[in-house]
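Below: the structure, in structure tokens.
A short reminder: the numbers here are calculations on the coordinates, not readings from a lab. Note that the coordinates shown come from a computational prediction; the quantities given were computed from them, not determined experimentally. Note that each Cβ is placed from the backbone with ideal geometry, even for glycine, and that neighbours are counted across all protein chains shown.
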Amino acid sequence: MGKFYIFLFLVVSSQVVLAQTYFGRLIGHHGESLRGATIATSPDQRKLKTDSSGYFSFEKKKSEQIRITMVGYDPMTMALGKALDLGTIQLSHADNQLDEVIVNTGYYKLNKNMLTGSFATVDQKTITRNPAGNILDRLEGVTSGLQFDRSLSVGENKFPNALRVRGISSIESSTEPLIILDNFPYEGDINAINPNDIESVTVLKDAAAAAIWGAKAGNGVIVLTSKKGNLGTPLRFSFQSNWQLTKKPDLHYNRQFIPAKDMMEFEEYLYGKGNYYNMESLYIPDYVGLLFKRDAKEIAVEDFGTIKAQMLQQDIRQEAKKLLYRSALSQRYAIQARGGAERSSYFISGSYDHNPQSIIGNGDQRLTFNIDHDLKLGNRLTVNTYLRYVADKEQQNGYRLQQLTASGSGLSPYVFLQNTDGTPASVNYQFNHAYRDRAESEGLLDWTFSPLVDRDRRDISSFSKQLTLGAGLNYKIGRGFSIDVKYRYQHQAVKQQNLYDADSYFVRNLINQFTQTDGTRIIPLGGIKDGQNSEIIGHNGRVQLDYTRQWSVEHQLVALAGAEISQNTLSRDVGYRLYGYRADNGTSLMNLDYSKQYTMRPNGASVIPATPFEERFTVDRFISYFANATYLLNRTHGLSGSVRWDASNLFGVKTNQRGVPLWSLGLSEQLLPLLGDHANWLDKLTLRTTYGYSGNVNNTISAYPSMRISSTNLTTGLPYAKLTSAGNPNLRWEKLATVNLGLDFSVLQQRVSGSVDYYVKSGKDLIGPNYLDPSTGISPEGTSYYIDNRINYANLRTNGLDLNLSVRALQGVVKWDINLLWSMTKNKITKYMANSNLSMDQMVSNAQPRVGYTRDALYAWHFNGISTENGQLITPNGDQEYAKYAANATLDDIRFMGADFPPYQGSMRHHIGYKGFELSANLEWKNGFYFRRNTIDYFKLFYSGIGHQDYLKRWQAPGDELMTTVPAVPATVDLYRDALYTNSELMIEKGDFIRLSDVRLSYQLPMGKKGRLNVFGYVRNVGILYRANKVGLDPDAVAAAYPAPRTYTVGVQLEW
């Protein structure tokens, strides 16, 4: 009887459970089963998927309603009642499915489900996370496959970061990606783009994505899409403002420095050996000049001791940090308005940036204005017009620490910028200091130089204005066809203007140099003004036929075909220089003889400089024909293809006539239907593969012979020209074949999602030098006259892996999202013509392409230790015959150290949200690469006074070789010895590092029904958490005088 009750209890319990389970079936517009649709319950927030037949079921629990969503269908919400059988539910097809914009290639916009190529997209929220004034800077660490090279800056000369999309695709040509702004290539200054006006960014990485851009897309494409208004939306305003504080640079970072005491001891050592000549035309260090005065009894012993003691206590870096640099406070303001009526929409924006730089006297200002308008004329025609205006002013009046000497010599550590009484000091800048100090007594102008005073006596400015006008027509023909016509006009004018006050050092120095022995001044008194005007004018036009069609739910087709034409003209005038310039009335003296040779002080002869600029004029023309199509079957099978033909005045006639097209093919497959009900934990699994060709253009080479017109020949008195290029009628674009295999996935109700892509890029017909017999006349002549003879023949292979992983770790009251990006890219040269005359010293100091090795190769000399007897370097041959060893060295005598560009890069961004608070941080790392650090170079120390901290570790006595690898101070300098040491394997360091790039904290406060206020704080360049090198160098600032300083930003974002 007991067993019977147990059985009855189980039966009843099971019926109760069944009674509390909702169930139903989901079908599409034509009655087909919908597999993989998402059913979300509320308020208990559960999610489930329909099976392969469209069925679903779930326990009732606390569910009151469900929301059904599926890509391509309108969402549906149903209230749950007492009936557990929900029956057959039919979803309506979404009419706007094909208009869902998630990827913009510059030619078309498609739902990501229809794409076979490899893309990386950056949405508006990610763009605004970083408040940098440059749009490209906002992409670092948040874009898969986009690599930034920050190691190009040398000293205090800051150069823009080099960008790579999936490594490199060329050997001799540029590796920079093509920038697209609103459907056309952008030829202007990237700093002229207001980041606040950008809605989204798309990076096109493989052939299917980029081949439609043809001969310009080999290095990848970055597509910038500007914000627009929307039809039928009310007027909305937004205002952003932020203040950014940049810390003073770390002047103690640079290791090329020797303390005053040690430098003075070394200078006195050289002085005792007679290495300095007290000549008027020669720069000599201050302490050496003091020694000359002491020995000539021109200074009292007590005064000599006092000045020497002051010098011993000085560190120019401390004084420079106080007097030449500052903590810079930048201010940025932007306002936007957008909205739309039934037939028109608009977007209007304006911004102002004021950016003082860390160097006192330097800074820039930027003003932008943007208006975009769409107007629907009837139901078929839409007209788009836009205007963008940018005005920028940059000033470079300040003096950096490394600008305090004009002689090419290193800056002495004991130099003073201020006298003991606080007045500006005269800096030993050019020629012999004593010679300049007595200038006024010889009837010349004051010849001293004080950077603290002189920065206020010059105005070195650059003014740029950029106007962009655009118009477009879109006409819906019917039956899925529409025609799209676009035109863009771009004009950028740059005006460089340098105004030197009559009392500036530049003017006084030039007047004194040209003052004749009888006191005649060839250069008139007064100011000097010079400058140059340049402009870029661009025209772009495109006509395109679009076709969009869907047959039932099974077939979707998007296709386009069209033609495009463009012309970009760059012109720079010869410039001007006005002598005796008066700023109050704009007058100057014109009666100067620019053809006569004048004696100069302290020696030499020269004509009067007429202009410091060079004239230039270039025209680039392109014409292209293109077509692209994407087909999707049953929402699971995708096929895409594109073809493009390019011609240009840059290419030879034969190339344009032959017209080999660039093309791509792509396939995609939804794998979930193949897995059936065995992988319900999978939300998405899509396989993609593409193959095709894109191209790259080298604008520095012409199909025609070219020459450079030079100034007057000193012998003939006539202008002359030099042949700069032999010309190549077979010149063509470089071709890049790319194969890509990708997998998109999503699991656990989209808790974890991402993509992984493997690619191989094969560069063919790449530009490379063609070494010919010298008898042809097409070869280098001497050391300064090179005739370019590069042709298409070289090959390069690049392969890599991109990983993008997103994890929704917490999705409750506290939200925690993690985004992981990781990429691997390696390249190898497979065909290249080697230069048989190349020395190994050149190979080590400036690595040349080599078959079988990476283009980023880093080579070094073998290190064989230093002598126990004299502390000098020992060659790998065991002797000290440096010139002989270098002359006879072969490739076997140098060592391949690895790549100097990181093959592995990654970032991990954490985002935590709680109510109105949001905290995010980005961790970046690079590894697998090496860099060459600098060290003591005795040739530079002897002749230029450029030291290094390694000097303090030098060998000084027998036995020191057991504790140091730094050679002793030599009796005489030897260029070959210094080259063997400074470029030895000892100087190669591992570049691996982990950096906390930034941290952002924000709070969002609702304002009324539709408004909101967001207040944020942001810190950039937080710090390096780990570095593999033991010398404390930042691998992103190896050759720089200091790494990028930390910045602090606070700001507000208001919308209403």
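Below, the figures for the structure above:
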quantity: Net charge over other residues, Cβ less than 10 angstrom from the Cβ of TYR429 (K, R count +1; D, E count -1); calculated: 0
quantity: Filter on LYS884/LYS1030; LYS486/LYS826; LYS273/LYS308 - keep pairs with C-alpha separation over 28 Å; calculated: LYS884/LYS1030; LYS486/LYS826
quantity: Size of electric dipole in region 96-222: Cβ of Lys, Arg +1 and of Asp, Glu -1, about Cα centre, debye, nearest 20; calculated: 340 debye
quantity: Structure-derived volume of the Cα convex hull per residue in Å³ - corresponding label in (i) 240; (ii) 252; (iii) 220; calculated: (i)
quantity: Farthest toward positive dipole pole in the chain [+1 Lys/Arg, -1 Asp/Glu at C-beta], among SER330, ALA425, GLY586; calculated: SER330
quantity: Under 12 Å from the Cα of LYS261 - aspartates and glutamates, other chains or at least 8 residues apart; calculated: ASP315
quantity: Farthest toward positive dipole pole in the chain [+1 Lys/Arg, -1 Asp/Glu at C-beta], among GLN497, PRO524, ASN835; calculated: GLN497
quantity: Greater than 21 Å apart at Cα, pairs in LYS915/LYS1009; LYS158/LYS393; LYS205/LYS465; calculated: LYS205/LYS465
quantity: Nearest-20 debye value, the chain charge dipole, Cβ charges on Lys, Arg, Asp, Glu; calculated: 3740 debye
quantity: Set of lysines near LYS62 by C-alpha distance (under 22 Å), chain-local residues within fewer than 8 positions excluded; calculated: LYS47, LYS49, LYS82
quantity: Neighbour cut-off at most 15 other Cβ (10 Å), DSSP loop, trypsin sites (Lys or Arg not before Pro), region 558-602; calculated: LYS596
quantity: Under 12 Å, Cβ to Cβ, from LEU86 - net charge with Lys/Arg +1 and Asp/Glu -1; calculated: +2
quantity: Among beta bridges that DSSP assigns inside the chain, antiparallel share in %, nearest 5; calculated: 95 percent
quantity: 12 Å beta-carbon shell around LYS60, net charge (K/R +1, D/E -1); calculated: +1
quantity: Across LYS109/LYS476; LYS321/LYS940; LYS125/LYS228; LYS109/LYS1010, pairs whose alpha-carbon gap is larger than 19 Å; calculated: LYS321/LYS940; LYS109/LYS1010
quantity: Mean Kyte hydropathy of -1.0 or more with a Cα span along the axis of at least 15 Å, helices from DSSP in the chain; calculated: 2-19, 260-272, 301-312
quantity: Among ILE348, TYR882, THR825 the positive-end extreme of the charge dipole of the chain (Cβ point charges); calculated: ILE348
